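Q: This is the structure I have questions about; it appears just below.
The values are calculated or read from the model by the stated rules, or taken from the named source; none is laboratory data. Because the structure is a prediction, the values reported are computed rather than measured. Cβ coordinates were reconstructed from backbone atoms using ideal geometry, including for glycine residues, and neighbour counts include every protein chain displayed. The area values use the complete protein model at the heavy-atom level, side chains included, leaving out ligands, DNA and RNA. Shrake-Rupley method; radii C 1.70, N 1.55, O 1.52, S 1.80 Å.
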Amino acid sequence: MTARIVLLVTSPRLPAGLLTAQAWDVVRRFPVLAGADSELTTAIRVAGGTVTVPVPVPVSESESESVEQTLLTAAAEHGTAVWLAGPAGDEDLARRLGLRLAREPGLAELELMYGSWDPPGARLLDAVEVMDRLVSPGGDPWKRQQTHDSLARYLLEESYEAYDAIAAGDLTALRDELGDVLLQVVLHARLAQELPDGERWDVDDVAGGLVAKMIRRNPHVFAGVAVADVDEIVDNWEQIKAAERAASGAASGAGDSPSPMDGIVLAQPALSLADKVLQRAGRAGVDVPLPEPDPAVDLQPDGVVDPSTRLGAQLLALVAQARAEGLDAEGALRRATLAYAAAVRTATTD
């Protein structure tokens, strides 16, 4: 029978010992070699496996050749030998071993086995770990001196850059820009770990709140609530949000009744703010006339209505008209402005 060398690759992001049944069968039955001791080598030994560390993780040609020969000798003696790959996968060793067995196919067969896989979202753990290193003592001085206030503009800028990528239809750029937005989230969460007791929170609190919110606001998925269509889903979402705002106000001791205007982000661009206010008012069934310039208040000394007031009323009326026609006023203005900018660029470069 041809000897066999198993290159066992595992996820460094899962707890030690979470291996497939096939991987456990192999590591308990055959000798295991590794480049360094770890929690996983300890788990294998506790389960009855034999693990040896012939040399540190190979970093030179001579060390790689030594490990190759040790593996070949163990495979010849036991029929199968297992190399427990390190967190980075030990690709150089695998490549060198594969080349040797390609030249001398009678020595052994090489098999790649995955003992565990990264679950979806596993690289988020890496992002949290790297950020912790950057903000901890000895890390990046710039990040360590930041505050939530000093970072606020970067969060806004990165969000706009992601919006630009969407508007341009550039999904590759969108992936990168969302990474920059995620960086801001992870950095804010890491800085919050430095807050005093009673105020401190971290990225798990952020993620936990998000999970609870997603479950709470989607009862048609998680609680068996029957819905007829997407409009009913949106209505339920708004009702749940209103109940959350009311509960939050009661918990904080606020005595005012909840308003459909509660929770609107006032810092957003004016056109999208107008759209959101009109949307909330419409959903609440509130029939409030759009503002018109009031001659008794808005007249200037020369008897002319303040142009700024008149313009504001006209713009709000345009947003209301856009909503009635199912149009996005913010997006429409953006597209028109970009088209004009492109025309100006062409005219100034001809």
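Q: When the residues of region 76-96 are filtered to those that are hydrophobic (A, V, I, L, M, F, W, C) and assigned to a strand (DSSP E or B), which remaining residue is farthest from Asp37 (Cα to Cα)?
A: The qualifying residue farthest from Asp37 (Cα to Cα) is Ala81.
Q: Could you check region 8-57 and list, in sequence order, the residues that are in contact (Cβ under 8 Å) with a residue 40 or more places away in the chain, open to solvent by 80 Å² or more (accessible area, probe 1.4 Å) and aliphatic (A, V, I, L, M)?
A: If the condition is that a residue be in contact (Cβ under 8 Å) with a residue 40 or more places away in the chain, open to solvent by 80 Å² or more (accessible area, probe 1.4 Å) and aliphatic (A, V, I, L, M), then Leu18 is the only one that fits.
Q: Search region 97-113 for residues that are within 24 Å of Val27 (Cα to Cα) and in a helix (DSSP H, G or I) and pair each with any residue that is modelled with pLDDT of 90 or more and open to solvent by 50 Å² or more (accessible area, probe 1.4 Å) when their beta-carbon atoms are under 7 Å apart and the residues are at least 6 apart or on different chains.
A: Close Cβ pairs satisfying both conditions: Leu97/Leu110; Gly98/Leu110; Leu101/Leu107; Leu101/Leu110.
Q: While we're on this one: Residue by residue through region 124-137, note down the ones that are without any contact (Cβ under 8 Å) to a residue 60 or more places away in the chain and open to solvent by 70 Å² or more (accessible area, probe 1.4 Å).
A: First, the residues of region 124-137 that are without any contact (Cβ under 8 Å) to a residue 60 or more places away in the chain: 124, 127, 129-137.
Leu124, Glu129, Val130, Arg133, Pro137 - these are the residues of region 124-137 that are without any contact (Cβ under 8 Å) to a residue 60 or more places away in the chain and open to solvent by 70 Å² or more (accessible area, probe 1.4 Å).
Q: Only one of Arg190, Arg200 is touching a helix residue (DSSP H, G or I) at 6+ places or on another chain (Cβ under 8 Å) and open to solvent by 40 Å² or more (accessible area, probe 1.4 Å). Can you tell me which?
A: Arg200
Q: Going by what's in this entry, would Leu112 be described as exposed (fewer than 13 other Cβ atoms within 10 Å of the Cβ) and in contact with a strand residue (DSSP E or B) (Cβ under 8 Å, 6 or more places away or on another chain)?
A: Yes.
Q: Residues that are at pLDDT below 80 and touching a helix residue (DSSP H, G or I) at 6+ places or on another chain (Cβ under 8 Å): find the helices (runs of 4 or more DSSP H) completely inside region 224-315 holding 1 or more of those.
A: 295-298
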